[in-house]
Every structure is written in structure tokens, then in C-alpha cells.
Amino acid sequence: MGISDEYIWLENLSSSKVLKWIDAENKYLRELLNDLSNVLKDKIAKYFYLPYIIQLGLTKKGIYVLVREKDSYSIKLILDKNHISEIINSKNLGNNIIIQRIYTDDHGDLLAYSYSYAGSDEGILRVIDVDTGEVIDELSGVLSDVIWLDETKYYYVRFYRTGKTPDGVEAPSERVFLRESGKDEMVFGEGIDTSYLISLSKSTDNRKALITVSYGWSFSTVYAGDLSNPHSWRPIFNKKVISKPIDYDDGHYFILTYDDENGLGRIIKIDKNKYEVIIEPTKYPIQQAVIADKRLIVNYLINASSKLVIYDIKGKALKELDIKPQGTISNLISNGKEVVFKYESFFIPYRIYKLSNNDLELVDSVEISNDFVIDEEWIKSLDNTSIHVFIVRKRKYGIKHVLAYGYGGFGISLTPRFYPYIMPFIEDGGTFVVANIRGGCEFGEKWHRDGMREKKQNVFNDFISVIEYFKKRGSKVIAMGISNGGLLVGAVITQKPELLDGAIIGYPVLDMLRFHKLYIGKTWVPEYGNPDDPKDREFLIKYSPYHNIKRDTKYPPILVFTGLHDDRVHPSHAFKFVAKLRDLKAPIYLRTERSSGHSGAVPEVRINEYADILAFIYKIFGMENINE
């Protein structure tokens, strides 16, 4: 039996009626915030203008970095601390352009970068000769994983958002192509079904292709074969679990798989047989591993913070590298001899480290010095599961105003990151709480699976327990979540509206009966369930925020924000939720940015967006007159 949807008209983004409605909602928010946003812009800009590294690329020529800077995105080449040159700046590509990803060849002579207008997923992939700046090639779409065979040809992965793949499979789907002399040939993926995703990499010796075919975030198959011969690419590890390739070394494929009981990960090597190299940890999961100079460099997550352990190729532990303060290692890259990675924390925009001979060298960094503290706490959820949280504040302030941040899905772990728009809030006495709830991978793949599909209520219960903990301590609490985190906060606000002092919901998934019909939502069916399946629909409708709004209920102030260029999560999720609550006279506000998408926006647009979000938070907490 169908459910009527009186706000479905808000799904038509080309309708003048919808655009007028958006304008009216933006005006309504402006009247609330007055001039407070303008006051906060400079505070946010102070931190947002600090350089922030998005991605690294390790080559013989040096380390390439994709950087968000004061007023642009840029690609730079680091030879050493004193020799950094700019290769590309987004300002030269047009207005409101975001550079999203970079890909380099081993020598560093060829560079591919993807960019889009206003944070859309759909964009341009451009290939250049670094020395001359000449544009060699250009493609459009959602493209990734560029792997060069030589200076004239390369592989790439194309994501089909709509229509069908060349072999007739319905979108969303991915396929691997070989690009040569301006022509494309599909070389891998034929017959792979809808909602399966493909990632492509290569071994550090340039001999082998390493491919992962994943059914959403549920399970994956590892393929491999000769890099130059796609016809040789065959499954080498196929279990109904998450697995991913590490490298190929001395006749063996090395694979990280989460096939043991708790899904904490183990590393195996494969030739004709399978051998276990590193056993599953007893408590903390393996996040990633690379091979360099006959060593395995393994990134563990210890209570949601990164720690590196170096092993020999047979799995004997050689050295632990415990970097302080609590932080996140990402972009862990090996060229077979050296390793580079990025490190960040709540007060560290980035450090770039190089690992050689088991020793760390700091290549570059940006850090903030102040009287900040990162505390950690464990909080019991409804079923007595212990939930880890980070409590971030300025030492001299108590825990009075809490902004609780969560996500809880898709195996994404909330580890210490630099949030420039949160810094003024902490400076002014606020407390930022990051909750490591189920649905992420902070404590392994089982932790993720315990927050999927019919177990999604665990995620909401975990976050509710965190909020209750701080409320019982006498704190005011605002909950905040973005994307799947917007679903989290939407569910909490409809299940426990009396618990919160306010809510911030960004670029959210909120209609759990129609998400699969909007944009690329079908990709998320493995994670959430299928609304067209009666059994799945039964648990989806129980928590779907849009369908659980109730009359005669007192809701706290809510700000929902989204962008018209979000082509991943349809903005109508936000629109319909707001319209339904607005008609019930709830204190809800909507901010719709015309120049941003799910992948972000240019710095100026982002600062304006964050200033409004922060102004809303300050108003709820009564912090408007803070002028430190």
C-alpha cells in the first residue's frame, strides 16, 4: 500500500514554484540571524584560510598535494620544505570551481585532476604535461582511478549516474576504460550488476592491476592480473565480506580482509595458496596497509585514532609509530621504497610525513597553538554497548554548551579531523563532541554491520545515549550531522524531540521510502535496505525521519541546510522535511546554497554557509554577545 506524499512537488528543482519557495525560506532564515553571521565570518575565515591538504601523490619528481587555500583550490609540487611550486589553481579554471581529486604517473611528469562547478559530483577530468602545462586530454562525467600504462594511454573508472553502461546494465554502475589517442575501450566490468562499485589501483612494481568490486558497503571481491592485459584480470579473493588489495610483492598478492569473527581485519598473501601474514587484532581494527622495501606498514585505529606499526614482510613486528596528539592518518601511499601520509587532528590542519628506514621525517605542517584539550570518554548505549567519544574544548571552560556530532554509517569512522568552522565555537567556550557510534568502522566491520539495514536503530540509540549523558551533566546540547549524519539527527529529532536544545541537519537523507528513486540513491540500498522490498520497507518506515514527524509535538529549533548543486543526495530530502514541519508550526529553518554541492564549495561560499550555521548555534546557546 502506497503512502501519500503531499510535498513530492518539492522534488522538481526546475519548477519556479520550488525556487520561489526556496527564496522565501532563505529570507526567513536571514530575518532570524540578522547580522550575527557577519560577525562570525571573520572568526571562521581565520581558520578556514589556513592551508588544508586534501590529497597526496608520491612520484619520483616529488610529492604532489591538492590544497584548499584562502580563496581557491590548488595543486602544488613539494620538492622539499623550501621548494614548493604551484601547478594549477582553481581560479584559473573559472568561478566556483572545486578541484576534487588528483592522479599522477610514477615519474610525476603527467598529472590528471578532476574538477567541477559548485561541488557537483559530475565534472571534468583533465590530463596535463606538468613541465609544459599542455592539456593532453579531457573527459567529462564522474571519473576516477587514473592509472597510466605509458605516456599515451591510461585506464580510468567511469561512474554511470543515469542510463546504462555500454553492456546494458542500469545505472548506478561503474566500468573500467582504456583511453588511447582520444578513444575509449571498455576493458573491465561487463555484466557486473547495478549498485556494484569498482576501484582500480596497481602494484608498486607496475606489474599488476588490483581491482575491488564492491556491492555497496556490504561485501567485495578482489580481482588481479597483468596490468597491461585486462583479459587476465580474474577474482583472487571472493568471500561475502569486505576485502581490499594491498600490493603485489615477490610473487604474492597481499590482501586486507575482514573475514574473521569481529571484522577487525587480517592480512593474507596469495599465490596458489593463502597464507596469513598478520592475524586479526584482538580489539582494534586495521584500517589500511602498504608495502615498502620488504616491510608492511599497517595503519591501526586505536579508539578512533591512528597508529602505525611496521612489520617485516613475514609479519614480524619491528616498530610502532604512535604520533601525538590523537589524530588521523590518511593518504598512506607507497612507491615501493618510501611512504608518505597526511596526519591531522582537531587543532592540526595537516602534517605531511615521509617514512624512510622506519623513521619519520616531517615534510610540511600547519598547526594551531592554544590552550585546547582533547578528552575521551566511554558512554553506555541502550543495549549496554560502550560508545567512545572525543570531547574537544578550551581548557579554561567547562562543558556547558555541547555540539554533538555524529555520522553512523557506510563504515565511515569519525576520527580526529580539522573542522575550521568549529574552531570559533571552541574559542568562545563551546564543547565539540564527536561520537564514534555504530555504523562506522571505528571498531571493525562488525561495528559497521551492527548499524546497517534492520540494525540501524542501534545507531540512533547510541547517539541518543551520548546526548543524554551530557544533558544529565547539566549541559545544553545541539546535535549536528551531515549527509548520512543528517539522517542520524533527523531520526533523533523525530524519536526524542524533547532531548535536544537544537539540531543542525546538513545535505541530508531523510525520506527513506524514496531515496533510491532520487539521483544515485540506489547505490545506498546495500547499506539501508530496499524500500521496494516489503520486509526492508517495514524497518525503513519505522525510523524514516520524513515519515515520523508527528502533530502536537514540541520540536526544538532546527536548521536544515543543503545546496542546489548536490547531485548525490537530492535537495528535496531537506525541502520536504522542512515543509512538513513548517506546516506543523515547528521552529524549523532552511538554508539553500545555490553554489554548493555534496562535494563542497569554494572557500568564500563555504565560509558564508558555516557562518550561518554557527550563528544559529550561538543563538540557541545564547552566545551572541561573545566577542573574544
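When Lys and Arg each count +1 and Asp and Glu each count -1, what net charge do the other residues less than 12 Å away from Ser381, Cβ to Cβ, add up to?
Net charge around Ser381: -2.
Over the alpha-carbon set of segment 229-362, divide Rg by the Kirkwood Rh and report the Rg/Rh ratio to two decimals.
For segment 229-362, the value is 0.98.
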Worksheet item: Can you pull the percent of the chain's accessible area that's carbon plus sulfur, 1.4 Å probe, other chains left in place?
Response: 46
Worksheet entry | With all protein chains modelled, accessible area of Lys307 [1.4 Å, Å²] | 50
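For Ile348, what charge total do you get from the other residues with a beta carbon under 13 Å from its beta carbon, if Lys and Arg give +1 and Asp and Glu give -1? Kindly include the intermediate steps, with their values, before the conclusion.
Numbers: positive: Lys324, Lys342, Arg351, Arg417; negative: Glu344, Asp364, Glu367.
Summing Lys and Arg as +1 and Asp and Glu as -1 gives +1.
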Worksheet, complete the sentence: Judged on accessible area alone, 1.4 Å probe, highest first, Lys517, Lys476, Lys394, Lys471 line up as Lys517, Lys476, Lys471, Lys394
Worksheet item: Does segment 1-76 come out rounded, prolate or oblate, given a ≥ b ≥ c as the square roots of the eigenvalues of its C-alpha gyration tensor, rounded meaning a/c under 1.5 and, failing that, prolate meaning a/b above b/c?
Response: oblate
Discussion item. Show me, bin by bin at 5 Å from 0, the whole-percent P(r) of segment 112-269 based on Cα pairs.
Written reply: 2, 9, 17, 20, 19, 16, 11, 6, 2, 0, 0
Practice prompt. Taking the Cβ of Leu499 as the centre, find all other residues whose Cβ is under 10 Å away and add up their charges (Lys, Arg: +1; Asp, Glu: -1).
Written response: -1
Worksheet, complete the sentence: By the Cα gyration tensor axes a ≥ b ≥ c (a/c under 1.5 gives rounded; else a/b larger than b/c gives prolate, otherwise oblate), the shape of the chain is rounded
Worksheet item: Dipole of the chain (Lys/Arg Cβ +1, Asp/Glu Cβ -1, origin at the Cα centre): which of Ser214, Asn92, Leu614 lies farthest to the positive side?
Response: Leu614
Worksheet, complete the sentence: Here Rg/Rh (Cα, Kirkwood) for segment 491-606 equals 0.98
Worksheet item: Which whole-number value in Å³ per residue fits the convex hull of the alpha carbons of segment 1-127?
Response: 189
Worksheet item: Around Lys380, which amide H atoms from residues at least 5 apart in sequence, or from another chain, sit under 5 Å from its own amide H, with H modelled in the peptide plane?
Response: Ile387
Fill in: Simple Cβ-charge dipole of segment 137-211, Lys/Arg +1 and Asp/Glu -1, about Cα centre, in debye nearest 20
120
Response to the item:
Dimensionless Rg/Rh of segment 375-501, both radii on Cα and Rh by Kirkwood, sits at 0.95
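Ordering His547, His401 by how much accessible area each has at a 1.4 Å probe, largest first, what is the list?
Values: His547 50, His401 25 Å².
So the residues, ranked largest to smallest area, are His547, His401.
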Worksheet item: So in the chain, what percent of DSSP beta bridges are antiparallel if you round to the nearest 5?
Response: 85
Discussion item. Taking the Cα centre as origin and putting +1 on Lys and Arg beta-carbons and -1 on Asp and Glu beta-carbons, what dipole magnitude results for the chain, to the nearest 20 debye?
Written reply: 1620
Worksheet item: Once you charge only the Cβ atoms, +1 for Lys and Arg and -1 for Asp and Glu, what is the size of the charge dipole of segment 366-460 about its Cα centre, to the nearest 20 debye?
Response: 240
Worksheet entry | Descending principal axes extents, segment 35-192, alpha-carbon based, whole Å | 55, 41, 23
Worksheet entry | Dipole axis of segment 377-503 (+1 Lys, Arg; -1 Asp, Glu on Cβ), positive-most option in Thr415, Gly440, Ile482 | Thr415
Worksheet entry | Percent breakdown of C-alpha pair distances by 10 Å bin, ordered from the shortest bin, for segment 92-142 | 27, 53, 20, 1
Item to complete: Skip the ligands, DNA and RNA, and give the accessible area per residue of the chain with a 1.4 Å probe, whole Å².
Response: 39
Worksheet entry | Average Cα contact separation per residue, segment 250-366, under 8 Å, 6 or more apart, as relative contact order % | 13
Fill in: With DNA, RNA and ligands ignored, accessible area of Leu584 (1.4 Å probe; Å², nearest 10)
50
Worksheet item: Just the Cα atoms of segment 564-628: what Rg and Dmax do they give in Å?
Response: 14.1, 39
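The values are calculated or read from the model by the stated rules, or taken from the named source; none is laboratory data. Small disclaimer: the values here were computed from a predicted structure and weren't measured. So basically every Cβ, Gly included, is an ideal-geometry build from the backbone, and we count neighbours across all protein chains shown. Accessible surface areas use protein heavy atoms only, side chains included; no ligands, DNA or RNA. Shrake-Rupley method; radii C 1.70, N 1.55, O 1.52, S 1.80 Å.
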